[in-house]
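The structure appears below as structure tokens.
The values are calculated or read from the model by the stated rules, or taken from the named source; none is laboratory data. None of these values were measured; they are calculated from a predicted model. As a convention, Cβ positions derive from the backbone with ideal geometry for all residues, glycine included, and neighbour counts pool all protein chains shown.
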DNA sequence: ATTAAGATATGAAGGTTTTGATAGTCGAGG
DNA sequence: CCTCGACTATCAAAACCTTCATATCTTAAT
């Protein structure tokens, strides 16, 4: 899961980054509205934490621009004021939730997870595709109750394809979600990993899990 | 180094002025918020010591105004209260650190120096320690212009120690900042990397960069 | 000074990630 | 149907990360 934290107070930003990192997120940060927009359009996030008061472009404008561009990423707004009108304005601008500063970290994490979950898949922590089962809590993958041992990157890639099953996933998209930002794109590393994953599944008799979409990327059939 | 001390208690203000002067700082003082703002916009300071309770304009408002105007000078807040909410509020308003009154003079000076130093390398993107130079933009490390090739983890650890130079850094702290969350703590992986880093520097004739603090961790001398 | 206990340094092996080279496959156009 | 060019799969090596075992060093107590 990849989260973008937009907050101009560097200290608070760093704290948030640490907290999200500690909770298993890959974190990017921006300290002003323009940088936020840049990152939003250059990488795909699963969640955005967005302060309202920002240099260069306010959080509201960031939100508005993102929605105009049909970005559907969940946005959680942070506001220093507690006026209800701000809440209404924020939600009206396309935010999915808002939180008043100072806030409780536990609540921030809880709401973040809710947004991500609501946004997409799995309340169940398990994804099943034919006789393949992915336990996302234990990070264990099985074929008919027999474990397929995957390395971290192998697992991350498989999980991402599984979450998006039915959808064609581009290599670049996989890199965006599995690797740190700024990873060299002109590499065949995704292909190599797909090969590794296929080999391991083939040993369990599964040889048609990931299909190649020539010229685009890969897909797991839904 | 130029410091602005904003404190309405004249006695305390004079004491602070003396202490900072004795430690090589050029000192300006202000006794209310408006004067502070005036000085902030008419001179460039390396540090601001800012009391919260002030006549005419509170420390928070001074801080907020300074940040709005894109002043990036490090601000150390002094607060009479010790409530956590004050800390959060202060950091939220753009302060870089805070200290509860009454405070220890040694600690005030130490934190002041840390803030100035942190600000310095943030501005320049370069950290220099003796003949070792870390270019944090290019992520390149050099000894006397000769590059020392470090792997990602090696670089991350060195950078963390360098940012905190002068401070003893525990192994756990390093793991918290360099590894992903949930990393197994009972591993000697940090020791191993310290060894790798030392070996690479030794090849360039640098053999005393990282010192071992027995029972605690490691340190790069500031 | 000697020794024991604990902490750190080092060596080596195993697994993972990444890269680069080569082989194989697909599909559009002739 | 064939060929060419582009795309994908595969192989192998290198670099990197991590673990574990052993050696060495430090400290404190005797």
Matching entry among A:211, A:147 (being away from DNA strand D (no atom under 16 Å from the Cβ) and not in a loop (DSSP other than H, G, I, E, B)): A:147
Considering region A:174-191 alone, what residues qualify as being within 8 Å of DNA strand D (Cβ to nearest atom) and either in a helix (DSSP H, G or I) or within 14 Å of chain B (Cβ to nearest Cβ) (or both)? A:191
Going through region B:192-208 one residue at a time, which ones are within 12 Å of DNA strand D (Cβ to nearest atom) and either in contact with a strand residue (DSSP E or B) (Cβ under 9 Å, 6 or more places away or on another chain) or within 14 Å of chain A (Cβ to nearest Cβ) (or both)? B:194, B:197, B:200
What is the number of the single condition among (1) in a strand (DSSP E or B); (2) away from DNA strand C (no atom under 14 Å from the Cβ) that residue A:161 does not meet? (1)
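Tell me the residue from A:95, A:110 that is part of a loop (DSSP other than H, G, I, E, B), away from DNA strand C (no atom under 13 Å from the Cβ), closer than 30 Å to residue A:77 by Cα and in the same structural domain as residue A:50 (by TED's automatic domain parsing), please.
That would be A:95, the only listed residue that is part of a loop (DSSP other than H, G, I, E, B), away from DNA strand C (no atom under 13 Å from the Cβ), closer than 30 Å to residue A:77 by Cα and in the same structural domain as residue A:50 (by TED's automatic domain parsing).
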Taking helices (runs of 4 or more DSSP H) that do not extend beyond region A:1-71, which have at least 3 residues that are away from chain B (no Cβ under 14 Å)? A:33-42, A:59-68
Suppose we filter B:38, B:32, B:61 for residues that are farther than 20 Å from residue B:112 by Cβ and without any contact (Cβ under 8 Å) to a residue 12 or more places away in the chain; which single one remains? B:38
Give me the pairs, please: first residue somewhere in region A:180-203 and farther than 22 Å from residue A:44 by Cα, second residue anywhere and near DNA strand C (Cβ under 10 Å from one of its atoms) and assigned to a loop (DSSP other than H, G, I, E, B), beta-carbon distance under 8 Å, and either six or more positions apart or on two chains. A:196/A:151; A:197/A:150; A:200/A:149; A:200/A:150
For region B:113-144, give me each residue that is within 14 Å of chain A (Cβ to nearest Cβ) and within 16 Å of DNA strand D (Cβ to nearest atom). B:138, B:139
Conditions (1) farther than 21 Å from residue B:117 by Cβ; (2) within 19 Å of the chain's Cα centre (by Cα); number of the one not met by residue B:177: (1)
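A quick yes/no check of all residues on (1) within 12 Å of DNA strand C (Cβ to nearest atom); (2) surrounded by 12 or more Cβ atoms within 10 Å (Cβ to Cβ):
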| site | (1), (2) |
| --- | --- |
| B:180 | yes, yes |
| B:187 | yes, yes |
| B:192 | yes, no |
| B:197 | yes, yes |
| B:201 | yes, yes |
| B:205 | no, no |
| B:208 | yes, no |
| B:215 | yes, no |
| B:220 | no, yes |
